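First the structure, in the form of structure tokens, and then the observations on it.
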Amino acid sequence: MFNPKSVAVVGASAKKGGVGNDVLLNLIKDYKGAIYPVNPKGGEIEGLQAYTSLSEIPADVDLVLVLVNAKFVPSVVDQAIEKKVKAIVIISAGFKEIGPEGAAIEKEMARKAKEANIPLVGPNCLGLINAKAGLNGSFAAKSCKPGNLAFISQSGALCTSVLDFAEAREMGFSKFISFGNKSDVNEIELLEYLADDPETKAIAMYLEDVACGKGFIEVASKLFWEKGKVVLVLKSGRSAEGAKAVSSHTGSLAGSDAVYNALFLQSGAQRVDTISELFDRAALYTTQPLPKGKNLAIITNAGGPGVMATDAAVNAGLKLAQLSDETKAKLKETMPAAASLRNPVDVLGDAHSDRYQAATETIMADPNVDLGLILLTPQSMTDTDNIGRDIPKVIHACGKPVVCAFMGASAVAEGVHNLVSQGIPNYAFPEAAVAALGAYVKLAEFRNLEGREYMDAAECDVEKAKKLVADFLGDADSKYLTQADCRPIFECYNLPLLASGVAKSADEAAAIVEKIGAKVVMKVMSDDVKHKFDAGGVILNVEGAEAAKAAYAKIYENVEKNVPGAKIDSILIEQMAEKGVEVILGCNRDAKFGPLVMIGHGGTYAELWKDVAFRLAPMQKVSAERMVRQIKTFKMLDGFRGAPKCDVAKLEATLLSFATMLVNHPEIAECDINPLIVHEAGKGCSVADARIMLRRVK
């Protein structure tokens, strides 16, 4: 597809300004292979012999670009299959995007191509470009120069803007493709290809959705951790119309975008919010080495921009490097007396290229410095062009990531060109430069993460749990499980449970309380009561037989008053847990991506605070560690204001067991453990309340 020896353009035309003519002219410009225009009228188009059909072409065809009206596309695909072409790109629109009938035709074309083992891109796309091969199989007004950044996009229209934007920033591409409706080839298969493409160092993507969460995580993880290639993603559709109307806390806390945030975090892909941010980072990632730390040195010829960069560095999680005495001594030898030798280093407004070079060489050699930012404002005495020409060789020699912010427009244009043409990223303002550096530091830290192994479920009784789930579900399509119902399933996964019993009479309640021999909590078990506290269905600190009988009666009285008509199955009696920090563990199963696991601030105010983090199951050990530390509640778990530190290790282990349970039982559509009480370090956790919604898998 990207390196064809021959290309057929079905729908080629001599009509100027039409897609059929634009694509053909784009090909003719630089492509050295055979080009076969196909048009029912035959004849000659742009100096090339045109054929009336694919079958008439007297030679093999590697790549077919399809530009004809949608109603003719299926027959062209049939001809391409019969001719045994190597790849098909359908640029034509008018399929899934216009309705069910178009979707059905599209699906059938993709099925035929897949059976013939011919990759099909599109329909409804811009096409593809491989600049190094001279191949521009698109209708874009501009092509691109060769580079080491691949760009793949679900939107064709966006691609044309990106090409123009990249040209202005003097950025090149290894591969450039719009895949449209992705009826066959999707983003995952393109990433698999790019993983082994020696010309690609990083991949930038625009996505509207992801075909398969598990597949994306697998291939993006391979790219990032095994191949050392960065994946940047601009995913549209962040805003949510509203949380799902589901019964669980997790459903109300998981916005429509939470699953994608989890997906990208677990795959090593870095998400961005804007096209500008996408290319700010790509410019850095494709030209500069990974940073080994977060200590930033700033070199400037004006005080104000240095202060701006300092503020931005703090916001980006960077630290200002503390320059060594040796570095300051060397700077003193080459800098004017009025120059500031503290970081940010101000080389003064009259600094020429030699002073910038000397300062950069000295500062970047300091072992306390991990990355650098060179600022320049175009003052009357500033030789911007020469600085842009000379500074790159000093930067490349230091072996550390360094970027520039030559601030201005026409006054710095030639200097910026000199920088960028030698592989040094330039940013219009300090804030953008620092933001890119901060993102690069996070990327480097992420690449060094340990604990990427999955939980060993050998000690879990998976088969017993499967039988329990099947028995609970029976012949029903769905079944709500109370906390008492959840317990035997949780036991199969070693989730931390308290001593308990289930009572269906006041006398049974009294007997259970005496057997436990400690203070207990009594809770209503009912499919009809979703929020037990609100309904008065929970009574705490019950001690002794008589108190148990009274509490039993009081729960019935409260529920009858607050949830009229509710059917009470039983009363769960459970040992009161020791004090600790309350968190919530939850799951909301996504139709496409599977179980979305949540941790957050627990208890009755979980939905108010919305202090939550999400990941997709199965989860690696490091995912559990990072989830726990992502929520604000972690400060409480870690001993806020002198409080004892909680058993975070047990919390992480419980989270992994919870995620493993969800993977093994797809019938668990929703699940909340709220609260899970995390006790003092060494004392574990306790499941204080829980519920499960089972749904039959169809």
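The values are calculated or read from the model by the stated rules, or taken from the named source; none is laboratory data. All values reported here derive from a predicted model rather than from experimental measurement. Note that we place each Cβ from the backbone using ideal geometry, even for glycine, and neighbour counts take in every protein chain shown. Ligands, DNA and RNA are stripped out before the accessible areas are found, and what is left, the full protein with its side chains, is counted by its heavy atoms. Shrake-Rupley method; radii C 1.70, N 1.55, O 1.52, S 1.80 Å.
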Checklist entry - Residues of the stretch 303-326 being touching a Gly at 6+ places or on another chain (Cβ under 6 Å) and closer than 22 Å to Glu361 by Cβ, which ones? => result Leu318
Checklist entry - Got a sec? Which of Val19, Val9, Val64, Val38 is farther than 24 Å from Lys175 by Cα and of a type outside the set (S, T, N, Q)? => result Val38
Next on the checklist: Can you list the helices (runs of 4 or more DSSP H) lying wholly within the stretch 532-648 that have 1 or more residues being hydroxyl-bearing (Ser, Thr, Tyr) and crowded, with 19+ Cβ neighbours inside 10 Å?
Outcome noted: 545-562, 621-630
Next on the checklist: When the residues of the stretch 214-267 are narrowed to those that are crowded, with 22+ Cβ neighbours inside 10 Å and assigned to a loop (DSSP other than H, G, I, E, B), which ends up modelled with the highest pLDDT?
Outcome noted: Lys229
Checklist outcome for this item: Apart from one, (1) closer than 21 Å to Met407 by Cβ; (2) out of contact with any helix residue (DSSP H, G or I) (no Cβ under 7 Å at 6 or more places or on another chain); (3) not in a helix (DSSP H, G or I) all hold for Asn368; the odd one out is (1)
Next on the checklist: Looking at the structure I just gave you, is Ile217 of a type in the set (Val, Ile, Thr) and farther than 26 Å from Leu419 by Cβ?
Outcome noted: yes
Checklist entry - In this structure, is Lys71 of a type in the set (Lys, Arg) and touching a Leu at 6+ places or on another chain (Cβ under 9 Å)? => result no
Item to check | Residue list for the stretch 39-64, restricted to those being open to solvent by less than 10 Å² (accessible area, probe 1.4 Å) and closer than 15 Å to Ile88 by Cα | outcome: Leu54, Val61, Leu63, Val64
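For the stretch 577-625, which positions are among the β-branched types (Val, Ile, Thr), modelled with pLDDT of 90 or more and out of contact with any strand residue (DSSP E or B) (no Cβ under 8 Å at 6 or more places or on another chain)? Let's see the steps before the verdict.
Looking only at the stretch 577-625, we keep the residues that are among the β-branched types (Val, Ile, Thr), and these are 581, 583-584, 597, 599, 604, 612, 622.
In the following step, the residues that additionally are modelled with pLDDT of 90 or more were identified as 581, 583-584, 597, 599, 612, 622.
Answer for the stretch 577-625, where residues must be among the β-branched types (Val, Ile, Thr), modelled with pLDDT of 90 or more and out of contact with any strand residue (DSSP E or B) (no Cβ under 8 Å at 6 or more places or on another chain): just Val622.
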Checklist entry - Within the stretch 93-142, can you find the residues that are open to solvent by less than 60 Å² (accessible area, probe 1.4 Å) and of a type in the set (Asp, Glu)? => result Glu106
Checklist entry - Taking only pairs six or more apart or across chains, which ones have beta-carbon atoms under 8 Å, a first residue in the stretch 458-484 that is closer than 29 Å to Ala566 by Cβ, and a second residue that is among the aliphatic types (A, V, I, L, M) and part of a helix (DSSP H, G or I)? => result Ala465/Ile489; Ala465/Met661; Leu468/Ile489; Val469/Ile489; Lys479/Leu473; Leu481/Ile489
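For the stretch 443-475, which positions are among the acidic types (Asp, Glu) and touching a helix residue (DSSP H, G or I) at 6+ places or on another chain (Cβ under 8 Å)? Give the derivation first.
Quick first cut of the stretch 443-475, residues among the acidic types (Asp, Glu) only: 445, 450, 453, 456, 459, 461, 463, 471, 475.
Glu450, Glu453, Asp461, listed by residue number.
Please enumerate the residues belonging to the stretch 279-308 that are assigned to a helix (DSSP H, G or I) and closer than 19 Å to Pro392 by Cβ. If you could, list the steps in order and put the result at the bottom.
Restricting attention to the stretch 279-308, the residues satisfying the condition of being assigned to a helix (DSSP H, G or I) are 279-285, 303-308.
Listed by number, the residues that qualify are Asp280, Ala282, Ala283, Leu284, Tyr285.
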Checklist entry - What is the residue count in the stretch 311-329 for residues that are touching a helix residue (DSSP H, G or I) at 6+ places or on another chain (Cβ under 6 Å) and either in a loop (DSSP other than H, G, I, E, B) or open to solvent by 100 Å² or more (accessible area, probe 1.4 Å) (or both)? => result 3
